[in-house]
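The structure under discussion appears below in the form of structure tokens.
Rule-based calculations on the coordinates, nothing more; no lab input. Here the structure is a predicted model, which means the values were calculated and not measured. Here the Cβ is made from the backbone with ideal geometry for all residues, glycine too, and neighbour counts use every protein chain on show.
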Amino acid sequence: YTFELSENAVGWRYDSSLCNIPSNQVVERKEEVIEKYNDGEFGRLIIKSYPTGSASITTLRSHIEKLLLKAFVPHMIIIDYADIMRSTRKYDSMRHELKLIYEEIRNLAMEM
């Protein structure tokens, strides 16, 4: 999940990293990237983007439940910039909201 970049931008970064190709060459070496993914070495990658501050842990949980209904069981969940997620509760202090966000992420991980 990403709360800052577009799904395409994050995808290019993963393609670059996983395929060991410089990010500025991913597009021109698209066939090589596709071949590496088709080898089955990496599994399936789903990238979901939300605007900054719009998604809470409830949003992520709902998306994961939809994936499970489609028989997709994520083996790993990566949350990019969790500290710009929306908290499920409002506090006077941002520190308390961030603490709650990370506690909810930890709880989600334990549920999985």
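If the cut-off is 18 Å between C-alpha atoms, which aspartates and glutamates fall inside it for LYS90, apart from same-chain ones fewer than 8 positions away? Excluding near neighbours in sequence, the set is GLU103, GLU104. When the helices of the chain are scored as -39500 (n - 2.57) per DSSP H run of n ≥ 4 and the total is divided over every residue, the value at 222 nm lands at -15000 deg cm²/dmol. Along region 47-62 the Karplus relation, 6.51 cos²θ - 1.76 cosθ + 1.60 evaluated at θ = phi - 60°, assigns HN-Hα couplings of 10, 10, 10, 10, x, 3, x, 9, 10, 10, 4, 5, 4, 5, 4, 5 Hz to successive residues, with x for each Gly and Pro. Here the Karplus curve 6.51 cos²θ - 1.76 cosθ + 1.60, taken at θ = phi - 60°, turns the phi angles of region 13-27 into couplings of 5, 5, 4, 4, 5, 5, 9, 6, 10, x, 4, 6, 10, 4, 5 Hz, with x standing for Gly and Pro. To the nearest whole percent, what portion of all C-alpha pairs in the chain is separated by more than 19 angstrom? Of all Cα-Cα distances in the chain, 54 percent exceed 19 Å. Please report the net charge: other residues with Cβ closer than 15 Å to the Cβ of ARG89, K and R +1, D and E -1. For residues surrounding ARG89, the net value is 0.
How much net charge surrounds HIS63 when only the other residues with a Cβ under 12 Å from the Cβ of HIS63 are counted, with Lys and Arg +1 and Asp and Glu -1? Once all neighbours under 12 Å are counted, the net charge is +3.
For region 1-52, GluC sites (Glu not before Pro) are listed when DSSP marks them as loop and at most 13 other Cβ atoms sit within 10 Å of their Cβ; the list is GLU4, GLU28, GLU41.
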